[in-house]
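First up is the structure itself, then whatever we jot down about it.
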Amino acid sequence: MNRRPFSGLALGLGLTGLPAWAQVKDLNDAINKAGRQRMLSQRAAKAYMALALQAQPAQAEKILSQSMSLFDRQLVELKAFAPSPAIRDTYVKLEGAWSDHKEKPIGTAASLAGAEVVIAQSETVLALAHQGTGQLEQASGKPVGQLVNLAGRQRMLSQRLAKYSYASAGKIAQAAALTEIGKARTEFLAGMQTLGNAPEATPRIKQELKLGEQQWLIFDAAINSATGAAPSKEALSNVLVTSENLLTVLNDVTGMYAALA
């Protein structure tokens, strides 16, 4: 199976070489970035959990820092772009929820004792980020806007699965975590099928989705190992690595859909 080298997603998410301010180009770009906020809410929580479990701690620290920085930057862009008062209001609310959430990862050392609060707050941030993405999709009113939203949601689900895999491994609301993993798995597989069957899917998009399917199999195996009775450090590390590799592919797919006219 075709694997990509693990790079912490610095290039995949555009975390290097960008100016501090980058305006949203159009509604497709806005939907892409809004959807990325959903993903970052889960990715930051995943990284916190990885740190708490001491799974690839150096890489997890980097992922957490990058995720929080990118969320901050995109929040400014999306507030400035908001095409209606209702959408701007959503991003004002998101700003408040995010401010509350990021105090925990910044202000205290990662721990399983603090993980339950981080997970709960990441759900609040996710709900508002999802609301904003949906509002922007409605403002677009085009089929491609729905596909950008869906592809972006796949990114989020990859990180949500990793977050709840770590919650299960850390025995934090374990039954609920396993339920969320099952739901996210089902939604992810359905989303991949919809994206691949969409009339708008170009040959390049379909090729990238094939790579995503390969990465999914590797990630899914890592999830199964991490949610066993006594997961090893290697199993927990594999969740971090494989979730990042899958995310890189899904970010490319979302960008390809966003670039369609």
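Return the Rg/Rh ratio of the chain with Cα-based radii and a Kirkwood Rh. Could the numbers behind the result be given before it?
Numbers: Rg = 17.1 Å, Rh = 18.2 Å.
Taking Rh as the inverse mean 1/r over Cα pairs, Rg/Rh reads 0.94.
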With x for Gly and Pro, the residue-by-residue ³J(HN,Hα) of region 124-136, computed from phi through the Karplus equation 6.51 cos²θ - 1.76 cosθ + 1.60 at θ = phi - 60° and given in whole Hz, is 5, 4, 4, 4, 6, 5, 5, 4, x, 5, x, 5, 5
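Given a 1.4 Å probe and every protein chain left where it sits, what share in percent of the accessible area of region 68-143 is carbon and sulfur?
On the way: 1990 of 3590 Å².
The nonpolar share, carbon plus sulfur, comes to 56 percent.
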As straight-line cross-link partners of K163, the qualifying lysines (C-alpha separation under 22 Å, not fewer than 8 residues apart within one chain) are K33, K46, K62, K102, K104, K171, K183, K233
Ordering 118-126, 183-191 by per-residue average of other C-beta atoms within 10 angstrom, highest first, gives 118-126, 183-191
Output row, site S99, 7 Å Cα→C-beta label point, backbone N cut-off 16 Å, window region 60-80, residues 72-73, 75-77, 79-80
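Calculate the FRET efficiency for E61 and D220 from the Cβ-Cβ distance with a Förster distance of 22 Å, rounded to the nearest 0.05. Could you put the intermediate results ahead of the total?
Details: r = 26 Å, r/R0 = 1.17.
E(calc), rounded to 0.05, equals 0.30.
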Summed over the other residues with a beta carbon less than 14 angstrom from that of K102, with K and R at +1 and D and E at -1, the charge totals -1
Expected sort for 83-96, 215-228 on mean C-beta neighbours within 10 Å, highest first, is 215-228, 83-96
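Roughly how many Å² is the accessible area per residue of region 156-261, as a whole number, for a 1.4 Å probe? If you can, show how the numbers build up before the last one.
On the way: 4240 Å² over 106 residues.
Value returned for region 156-261: 40 Å² of accessible area per residue.
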Rounded to the angstrom and largest first, Cα extents along the principal axes for region 27-153 equal 44, 25, 21
For region 192-261, the accessible surface attributable to carbon and sulfur atoms (probe 1.4 angstrom, ligands and nucleic acids excluded) amounts in percent to 51
Counting only residues 5 or more apart in sequence or on a different chain, those whose built amide H sits under 5 Å from that of Q56 are none
When the charge dipole of region 133-203 is computed with +1 on Lys and Arg Cβ and -1 on Asp and Glu Cβ about the Cα centre, the Cα farthest towards its positive end, among A169, T202, T179, belongs to A169
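The values are calculated or read from the model by the stated rules, or taken from the named source; none is laboratory data. Keep in mind it's a predicted model, so treat the numbers as computed, not measured. With ideal geometry, Cβ positions are generated from the backbone for all residues, glycine too; neighbour counts draw on all protein chains shown. SASA here: full protein model, heavy atoms, side chains in, ligands and nucleic acids out. Shrake-Rupley method; radii C 1.70, N 1.55, O 1.52, S 1.80 Å.
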